[in-house]
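The values are calculated or read from the model by the stated rules, or taken from the named source; none is laboratory data. All of these numbers come straight from a predicted model, not from anything done at the bench. Glycine also receives a Cβ, built like all others from the backbone with ideal geometry; neighbour counts cover every protein chain displayed.
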């Protein structure tokens with residue numbers, strides 16, 4: 001065992017299962033508060049326990065109080081830990097922490113990590129040791145406290161510290177895991193190192209020091225070295241990256257003259273609108289429909305059972321109900337990716353029953369879109385919101401014919417951002433389908449071809465670094481847009497309030513929803529050329545007398561439900577607000 005330091009400490013704290021000596025001359029009150037509430041190095045501790053395994057050799061850059069090296073040193077089977085710390089007053093603290101925890105596989109070295117070995121590097125010591133750095137005056141991230149300070153507090157001492165080459169340390173120590181928390185010193189650290197043999201990096205980033213551009217620069221450098229971000233372990237400022245073989249993407253080119261196109265969606269009480277939506281998408285070339293339902297009271301589920309028996313759709317109960325979850329759409333999408341109807345499809349998309357894929361290329365069919373857009377792995381369609389077209393009463397009509405008024409496709413800045421839905425070319429090319437956009441397989445981002453509704457490539461800010469569910473839609477409708485009939489009539493909107501959201505009952509559809517989707521003024525009719533073909537498909541479906549009867553029953557159920565909810569205070573209140581705001585002058 002290591003000998004105890006000459007200095008004494010006042011108390012031993014238990015932090016993440018590690019005994020930590022509390023030295024009054026090292027641990028300031030600010031740091032002590034973070035330790036007592038369990039925030040100090042919590043993210044690094046969780047990540048280390050999750051990803052360090054037997055046989056690993058761990059190189060820690062920035063030893064701090066010795067908490068992380070002790071966590072790692074106590075993991076069964078870990079071969080050795082090498083901890084590098086620049087602050088001279090922390091060296092004996094680290095060793096005492098390791099001694100208290102019975103860790104004897106750790107080595108501590110005094111020095112700063114540099115691009116090459118140097119005899120002397122200036123290191124600026126500050127009262128809060130986590131603010132000490134190689135920079136005399138610079139912004140600092142208050143990652144430990146959850147705040148960002150305007151300036152790094154002034155240093156009270158400058159010490160000379162050995163500069164240790166990262167590449168030489170990697171060659172000498174042969175780490176399989178690298179853990180780094182060096183308060184901004186990581187910005188240039190990896191640009192001259194190959195990190196040979198390193199499997200996993202656990203790193204705290206400090207955008208408060210170098211900005212988001214600096215953070216992206218670090219991540220880009222590590223991606224260039226073959227590391228991919230573990231998207232399931234993004235815990236605040238602590239990032240985990242793994243070096244692994246990047247799976248090869250299948251080519252973005254279109255496969256065959258008659259591709260299979262699948263829609264996956266969830267429905268609840270959509271009976272009156274189901275057949276128009278189904279007929280339309282069959283008319284533009286969609287071949288497979290996988291539809292999940294839960295808690296239907298209007299017969300939507302019975303209609304889908306009938307269509308399933310006829311081979312038109314695949315109808316399944318929402319698996320979320322089987323596991324007691326209320327996240328209906330996310331659970332269903334995850335399950336859908338295991339179904340053969342989805343896995344064999346060339347193209348997969350998730351759209352709702354009030355959304356219509358409106359193709360402006362060629363004759364308006366899916367094949368025309370593929371030809372016009374060219375090869376892609378994903379294509380995100382921007383929505384175009386349709387208003388209620390001053391229609392109050394619910395009636396059995398076609399949405400595409402009755403509701404014509406919509407927002408302008410060429411808005412100003414304040415109305416430019418709208419949601420997207422994404423067509424994915426082969427689900428083997430992604431990690432998971434989500435409602436608006438797929439999650440990419442880490443490491444494939446550079447080669448993933450992702451287009452917008454005008455066939456233009458998105459930049460990396462959309463596709464990877466800052467995942468977004470919507471974009472500035474200006475100029476993105478040239479080939480395809482997503483007609484979104486979110487309101488339909490006012491009475492249909494009130495029924496939507498009564499039913500609740502299809503994604504999760506926690507999502508609230510309220511008056512704000514109506515207001516934001518009541519901005520009209522345009523009626524371009526982009527969908528019109530395909531409506532006659534959709535009508536023909538609808539006529540074929542309606543030849544089934546049982547299905548036609550179920551459709552009529554669903555319409556009747558909606559009318560009956562409207563009578564039932566009309567006097568409920570929350571429904572009556574929103575109805576009165578809509579009438580006064582949008583219909584009073586008519």
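Structure notes:
- Looking only at the range 260-285, and only at residues there that are in a loop (DSSP other than H, G, I, E, B) and touching a helix residue (DSSP H, G or I) at 6+ places or on another chain (Cβ under 7 Å), the one that is nearest to residue 395 (Cα to Cα): 270
- Among residues of the range 209-223, those that are in contact with a strand residue (DSSP E or B) (Cβ under 6 Å, 6 or more places away or on another chain) and either modelled with pLDDT of 85 or more or surrounded by fewer than 18 Cβ atoms within 10 Å (Cβ to Cβ) (or both), counted: 1
- Checking each residue in the range 81-106 for being free of Cβ contacts under 8 Å to residues at least 60 places away in the same chain and either within 18 Å of residue 43 (Cβ to Cβ) or not in a loop (DSSP other than H, G, I, E, B) (or both) picks out 81, 83, 85, 91, 94, 106.
- One residue alone among 129, 123 is more than 14 Å from residue 23 (Cβ to Cβ) and either in the same structural domain as residue 169 (by TED's automatic domain parsing) or at pLDDT 75 or above (or both), and that residue is 123.
- Counted residues, the range 156-199 - those being outside any helix (DSSP H, G or I), under 18 Å from residue 107 (Cα atoms) and more than 29 Å from the chain's Cα centre (by Cα): 7
- Residue 229 being outside the structural domain of residue 492 (by TED's automatic domain parsing) and either at negative phi or under 21 Å from the mean Cα position of the chain (by Cα) (or both): yes
- Tally, over the range 224-243, of residues that are buried (at least 16 other Cβ atoms within 10 Å of the Cβ) and part of a loop (DSSP other than H, G, I, E, B): 4
- Verdict on residue 208 being at negative phi and not in a loop (DSSP other than H, G, I, E, B): yes
- Residue 295 modelled with pLDDT under 95 and either assigned to a helix (DSSP H, G or I) or more than 24 Å from residue 422 (Cβ to Cβ) (or both): yes
- Within the range 53-77, the set of residues being surrounded by 23 or more Cβ atoms within 10 Å (Cβ to Cβ) and assigned to a loop (DSSP other than H, G, I, E, B) comprises 62, 63, 64, 65, 66.
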